[in-house]
Amino acid sequence: MAPLTPYTYIQCPCSDPSNLSYSRASDSGSPIDGNPGFDDEEHTFDPRAPRSNYSLYPLEYLLYCEDCHQIRCPRCIAEEIATFYCPSCLFEVPSSNLKSEGNRCTRSCFQCPICIGPLSVTSFETQPDPNLLAAPDHAAAPHSGPYALNCSYCHWSSAEIGIKFDKSNGIHGQLAKLRNGGTTRLTAKERKERRKDILQSGGGGGGTAPGASGDTGNDQQAIDMETQFTNLKSFYQGQLSESTSGGNGLSSLGDLGFASPTSLSRIMSIYTGGSLHDKKSKSRVGSMREALDPNEGLIVADLDESAAIEKLHSEGIDGTVDTEQLLNQPPYLGEPHLHGRSRFGSELRPIPYLLRTKRSKRCPVCRHIISKPEAKIQTTRFRIRLIAGNYVPSITIRPLNLNDNNGAAGTPLPPTAPLPDTLQPLKPAHFLLIFKNPIFEGVKISLATPAKTPGRFASKVTVLCPQFEIDANTDVWDEALKDDGARRRGAGGGRKGDERPGSTQGQQRAEAGKIWERGRNWVSIVVEVVPASLRLDTLPTEGPEGEKVDMSPLKEDEDVLEIPIFVRVEWEVDAVGDDLGSSLASSRDKEAKEKRELAYWCVLGLGRVSQA
Amino acid sequence: MAGVLPHRSVANIKSPGGPNSGSGPSTPMRPITSTFASPSSLRADEDIIVIEFDTRKLQVGFAGDSTPRGTIWFGPDQQRRVGDFRAWLPDYVTDWRQRATGDQWGKDYELWQYDIRDQDLGVVGDRAERALREAFTKYLLIDSRPRRMVCVLPSGLPVPLLSAVLDSLFSRFQPPTVALLSPTVSLAVAAGVRSALIVDLGWSETVVTSIYEYREVHCARSVRGGRMLTEQTHDFLAKHLSQAPKEPTQDNHEQDREYVLSFEECSGIAARLVWCKPSQTSAAAKPAEGLPTVQEHDECEEVQGTSPAKEPTVVNIPLKSAGSPMSLELPLDSLTEPCENAFFDTRYDSHSSFDDHELPLHVLVYRSLLKLPMDVRSICMSRIIFTGGGANVLGLRQRIFGEVSHLVQERGWDAVEGKAVEQLRANPKLKRQATRQAGHGSTGVASQSGNSVGAEQDGVWHDAANVVPEVDPIEEQLKGGTDKRPRAQGEMRAIESLGAWTGASLITHLKVPAIATIDRELWLQQGASGASRASEVDVKAQQRQSLGPGGLMRGASAGAPWTLGIWGTS
Ligand SMILES: [Zn+2]
Ligand SMILES: [Zn+2]
Ligand SMILES: [Zn+2]
Ligand SMILES: [Zn+2]
């Protein structure tokens, strides 16, 4: 197993279980008795709890609202759409098209149904004939149809599913009218026209007229889902408008999904004139009839799949598609319901590219914009983007070698050094946490960790220095202008303002209450862990309240030592500049400072514990 | 105050080192984040979102559309942290044992389990939210303005699960209202019928629901579903891998199962290659009831039905998750075995030895029909709708249909089964009703409000004759006048439905008010416990409201009782 690179995750405060209502696992809809029950006295965040995966983010994924001074994650942000566009042709799509044309590109942008690579339109005539390409004058030999969609990666061609195009443009429109195998499909309108034609050509005898019969027969055989939908919809609309004029209106379907007994008692009451029934739906039942034929949307199912089973025999597994390919298929209603036939490669359709959006993001509380993309589709830049990393201290983790007896003791491993494979159970290990302050004010950091990590295998955790201050992220240039001597409290002779307390070189000791090292806008501290043994036989036989202990084998990632840390960041800013308070503040105390704080849970992944 | 907007986590979490200062915060009873300012002013009114939730997937789209715009399947990768890309690592596929063995095999692919005892309901809410967010962004391409929603949820969904999903919807997406529709009724609507027998060959179970006049009148379940098919596929492949796990004992499906192949691989093979033998009984001669099918089943090489003259087709099945890549050469005909075991279990020759919850599917369907009153049965059996993932097993629908037809032929409807039916049959009133109905023939019964309930009920099929049909001259001529066609009844017939999602889309588009329509404010205040039983809600008042300026589906207003419909009755 690859060694684990230490990592940091932040829990967005919006996901804190105490902020949400539905952490009531045991509450099965019983009346809420006024005790919300979320304020456990020991509220420690458990990064291994299944819900944690939904609330943890790497710092790079988080934004920040400058007005609310709060972290914003993808779950607690309001989005607005700046542009819709096709990722293939990069054309912008007006939002009005979305409703009518759907969520896919309607130009000629398609993905391969086999490998999702881009498909291109190529002519059949030119492809197999290399001479034509070599011909001096391309214009003299214009490409002519038929055309196909081809994948240059896996060489799939729409010809394999029997689909060829007459023209090289407007592929989307042409494809919509073609079924796999190449037969053209009637639109609902055409179907109606056709019916009219049959009627006018004197075949009024109800579908049995010679000549017309074959046609209508085919129509009914092959009625596709789109047509069924259209027929059904107009059937219902007709029925509803009828019953509306009859005075019953919308209520004729009014009991849908309602009063559904799962016992016979209810149906008994129907028959014995039970009170419930007639109270609810006096006389409405029956004001609308059901659909009776395909033209009204009723399709009798053809259950005979022997042809498909035959096909499965002749083509074997190679004739079928895998789950991924099936899931990538766009919804397609141009066929009757495929049921099990959807598994065949011959039923695949080219995939029109899904449109994408560029989105602006607002703080849902104060409505300020915190992210706004450039309008141009080709660029991925942002005009505004308040990333949390510019406001929230970052934490870098580095293994620290304190116990080594040779000269390297006390030096953190350089970032490039190979990581130690695993942590040894029950053997203390040390890590350096480097906090870097991105803001222009100095901050005070307070850390809290549980003494033992939550979960089945409790490792001991000690943060040697849980409270410290980090200097402001002043301009490096400013820094240089200042007196670079002993401007820091208790500083030793750090070079370039860096500080190494209690050390000149090499032999550094981790001490409780002391930071390890300090720089311009960063501080490093030491955390000591004693990893738990992962052996199941070391687990207690029962929990503190006599409950059963989970003795199941090690779960995925349960061997990773993760420690939850509650981080509180406090700082002060000048009160001036606040729109509302500026006049007030100046009239009162010019030195008024505003206290700010930010607090959140963090998860540090330190490494895998050896299972040996 | 301007500067320090105290947010909850700071207030609630104790300061480092110190005990929590004081009692719990004075939050309202159901503290849903008030982070979101007055959403109603920014509501996007135009689109109503229709969401169909299922154990394995959810589908989203806009009301009025013929098909959902996208489907999200639940899977393990959605359960990882943001920024966790291990699924892209090369050995991820072969590493499956770490993630899901034992009773966890395949569970990552389910949104919920109906047995809520070992489930973290919060996770269900989180998963639903994450999947919806992906669906909204990727397929609906919508912004985050609040929109009204219509949810299709399994009728048997336990209230705590329903509650978890609604909590997630209301607190994270702020829909002003959420209307609930049952999939069975939606399926009937999407097939054009008012009554149906819905055979949902679902994932965790197969459910047979009888719908009569848009009401669920009977419902029966069997654990024989997609999950069992996948497990049987696994056992079948494992057996041929010769590192066979102990053959699962007949009455022990779940426990102590050892898996040698990954869920992904087995479900993939089940979807590609497993198929269903045609009904042996469809031919005139049916082997005697007691004939042991066990032997031929075990050496399953010989098939009935498909071209027995031909050489048996052999398929090559590549397997990646067995430890090292390998492949199996198996006759395609043997791949009917998982289907037999999962859905029919031919190891038994008599269905009397099955528990009620594991009836073979044809018996389940037959018994469901048997339990219906005669005329309801007569209507339902002519409107059988197969749905669910199992409907994709080639040949399965026909097989069930054939077996049921055979049972009907063989036993008719007089088989003594079920006490309730007995009572029904013994009830003289019912008998009278039935004969009266039969006597009516096509004379028709006016369905005016003054009529007796019974008349309204059996007005279903002859009533339509009274209704002045749609005036479409072409249609008129085609049919040759007023619609007097007989309604199908009394004969086994299967029909196609466009699916529950599409049914819900139609219902919503036709502005039919759903009864279980939940108002956001009320939900946030009261939760599921605020709901009244469906029977206590004044439907008329709701409907009046729904026609008012608030528009359709604007459900209960403050103070008025509201309901979770069928979900609230359990
Ligand atoms: Zn804000
Ligand atoms: Zn958030
Ligand atoms: Zn495009
Ligand atoms: Zn390709």
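The values are calculated or read from the model by the stated rules, or taken from the named source; none is laboratory data. For clarity, every value in this text was computed on a predicted model and none was experimentally measured. Neighbour counts are summed over all protein chains in view; Cβ atoms, including those assigned to glycine, are modelled from backbone coordinates with ideal geometry. Quick note on the areas: whole protein, heavy atoms, side chains included, nothing else; ligands and nucleic acids left out. Shrake-Rupley method; radii C 1.70, N 1.55, O 1.52, S 1.80 Å.
General remarks:
- Placing one equal scatterer on every Cα of the range B:181-237 and applying the Debye formula, the log10 ratio I(q)/I(0) at q = 0.19 Å⁻¹ is -0.65.
- Per-residue shielding of B:188-195, expressed as the average number of other chain Cβ atoms within 10 Å of the residue Cβ, stands at 6.
- Coil-residue trypsin sites (Lys or Arg not before Pro) of the range B:66-147, DSSP, other Cβ within 10 Å capped at 13: B:Arg117
- Entries in A:Lys460/A:Lys595; A:Lys460/A:Lys548; A:Lys436/A:Lys595; A:Lys167/A:Lys358 that, when Cα-Cα distance is taken, lie over 27 Å: A:Lys460/A:Lys595; A:Lys167/A:Lys358
- Ligands, DNA and RNA excluded, the heavy atoms of B:Met374 present near 110 Å² of accessible surface to a 1.4 Å solvent probe.
- Shape category assigned to the range B:102-153 from the gyration tensor of Cα positions, a/c cut at 1.5: prolate
- A Förster radius of 25 Å combined with the Cβ-Cβ distance from B:Arg80 to A:Leu327 puts the calculated FRET efficiency at roughly 0.85.
- Accessible area buried between chains A and B, both sides summed, probe 1.4 Å, in Å² to nearest 100: 15100
- For the peptide A:302-308, the mean number of other protein chain Cβ atoms found within 10 angstrom of a residue's Cβ is 6.
- Low-density loop cleavage sites - GluC sites (Glu not before Pro) in the range A:53-129, where at most 14 other Cβ are within 10 Å (DSSP): A:Glu66
- Difference of contour (0.36 nm per residue) and Cα-Cα distance, A:Glu545 to A:Ser152: 135.1 nm
- Per-residue mean of C-beta atoms belonging to partner chains within 10 Å, peptide A:229-241: 4
- For a label point 7 Å along the Cα-to-beta-carbon line of A:Val573, residues of the range A:351-392 with backbone N under 19 Å: A:362-372, A:384-392
- Note on A:Ser314 and A:Ile369: their simple-model spin labels are 6.1 nm apart, each label 7 Å out from Cα toward Cβ.
- Taking every protein chain into account, the 1.4 Å probe leaves A:Phe457 with about 20 Å² of accessible area, to the nearest ten.
- Förster radius 25 Å - calculated FRET efficiency between A:Asp302 and A:Ser346 (Cβ-Cβ, nearest 0.05): 0.85
- Theoretical FRET efficiency, 1/(1+(r/R0)^6), r = Cβ-Cβ of B:Asp118 and A:Ser394, R0 30 Å, to 0.05: 0.20
- For peptides A:154-165, B:375-386, sequence by mean Cβ density within 10 Å, most packed first: B:375-386, A:154-165
- Cross-link pairs beyond the 24 Å C-alpha cut-off, checked among A:Lys311/B:Lys107; A:Lys372/B:Lys138; B:Lys138/B:Lys511; A:Lys196/B:Lys511; A:Lys177/A:Lys233: A:Lys311/B:Lys107; B:Lys138/B:Lys511; A:Lys196/B:Lys511
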